[in-house]
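**Student:** Shown below is the structure under consideration.
Values quoted throughout were computed directly from the atomic coordinates according to the rules given, and no laboratory measurement underlies them. The model shown is predicted, which means the values in this text are computed figures rather than measured ones. Cβ sites come from the backbone with ideal geometry, for glycine too, and all protein chains shown count toward neighbours.
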Amino acid sequence: MTAIRQMTYQPVGRGAAAVETMTFGRLRELNDGGTQRADFHVLAVVDAGHGSVTVDFSAHPLRERSAVWVAPGAVHRWDDIADVAGHVVLFVSTAPVTHATRALVASPDLVARWDIPDADWPFVDAARNHLLLEASAAPTDTSTELPEILLSALITRLRPPHGEASSTNLVFRLFRASVEAHFREHRDAGHYARVLGYAPRTLSRAVQQVTGRTAKAYIVDRVVLEAKRLLAHERLTAAGCADRLGFPDASNFSVFFRKATGMRPGAWQTTVAVE
């Protein structure tokens, strides 16, 4: 797992299923205002105060009884947390112990920020406090799954919303998973139709029904998102992005990016605030 620049920002020490917690006060000490891209989940619960966080280039307000979920791979930046109180939970994808919570954390389109309903807050607060208490316990020679069990309880009580992932459309779900796995190598909707064994029209209709976009547009959007992540966080050049995303050369990638966004990669990169 990575760090907030040089400082620790990671789950620790319980084998493959690791969980760590920190306060927003500790996060302020570690945060340098730059972008982060973690290979683990970042889940925040806000008790009080106002601020903001940017997740994949969309700004979200932080306020009392709101929650934030940053999935692995998403570029995020804590823009304004000077007045925020609450906790951040860091965990790997294998940490939740129930089938439902593991399926939920695997969803590719969890909403980045939401308000916790008043009726849910007492349960969320209790689940969070129990996890904090267990996480503060001194380590013993006998490993337990208590932090992972309590994390699962917290996730269940938070009921994080998600959009496309909740679809019961099997064709779309298979398409989405295949795109997520192979968008660096294949940007042709026809490829996914062939691999999945559906007629192109059937595939396009399924994607349109769920997302309102064509299958081709869905693929383009996924590639563009990854390109923006590389440009913003890793500060790659067009040539570097081309290499990472399977384009023949920098020129080919630049044409693709400009057609999709209306800007050249370098010009877009300069609009992103980084340290």
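**Student:** Using just the helices of the chain, give the 222 nm mean residue ellipticity in deg cm²/dmol: DSSP H runs with n ≥ 4 each add -39,500 (n - 2.57), and the total is spread over all residues, rounded to 500.
**Tutor:** -13000 deg cm²/dmol
**Student:** Where a ≥ b ≥ c are the square roots of the eigenvalues of the C-alpha gyration tensor, would you call the stretch 167-271 rounded, which needs a/c under 1.5, or, failing that, prolate if a/b is larger than b/c, or oblate?
**Tutor:** The shape class here is prolate.
**Student:** Show me the helices of the chain, taken as full DSSP H stretches, that run 15 Å or more along their long axis by Cα and average 0.5 or above in Kyte-Doolittle hydropathy.
**Tutor:** Qualifying helices, which must be both long enough and hydrophobic enough, are 146-158, 170-182, 215-232.
**Student:** Under 10 Å from the Cβ of Val97, count the other residues' Cβ atoms, weight Lys and Arg +1, Asp and Glu -1, and hand me the total.
**Tutor:** Value of the local net charge: -1.
**Student:** Quick one: among Glu20, Glu185, Glu226, which has the greatest mean-square fluctuation in a GNM of the chain with alpha-carbon springs under 10 angstrom?
**Tutor:** Glu185
**Student:** Something else now. For the chain, give the magnitude of the charge dipole about the Cα centre (Cβ charges: +1 Lys/Arg, -1 Asp/Glu; no others), in debye to the nearest 20.
**Tutor:** It works out to roughly 1260 debye.
**Student:** Within a Cβ distance under 12 Å of Val255, other residues only, what is the Lys/Arg minus Asp/Glu net charge?
**Tutor:** Summing Lys/Arg as +1 and Asp/Glu as -1 gives +2.
**Student:** Let me check I've understood the local charge: for Phe24, count other residues with C-beta under 11 angstrom from its C-beta, Lys and Arg +1, Asp and Glu -1. What total comes out?
**Tutor:** That sum, taken over residues with Cβ under 11 Å, equals -1.
**Student:** Another one. Please find, in a Gaussian network model of the chain (springs between Cα atoms separated by less than 10 Å), the residue of Val255, Val19, Val53 whose mean-square fluctuation is greatest.
**Tutor:** Val255
**Student:** Rounded, prolate or oblate: which one fits the stretch 3-164, using the alpha carbon gyration tensor with axes a ≥ b ≥ c (rounded when a/c is under 1.5, else prolate when a/b beats b/c, else oblate)?
**Tutor:** Here the stretch 3-164 falls in the rounded category.
**Student:** Considering the chain as a Gaussian network with a 10 Å cut-off on Cα pairs, which listed residue, His41, His162, His76, attains the greatest mean-square fluctuation?
**Tutor:** Fluctuation is largest for His162.
**Student:** Between Arg235 and Leu196, how many nm apart are label points set 7 Å from Cα along the C-beta direction?
**Tutor:** 3.9 nm
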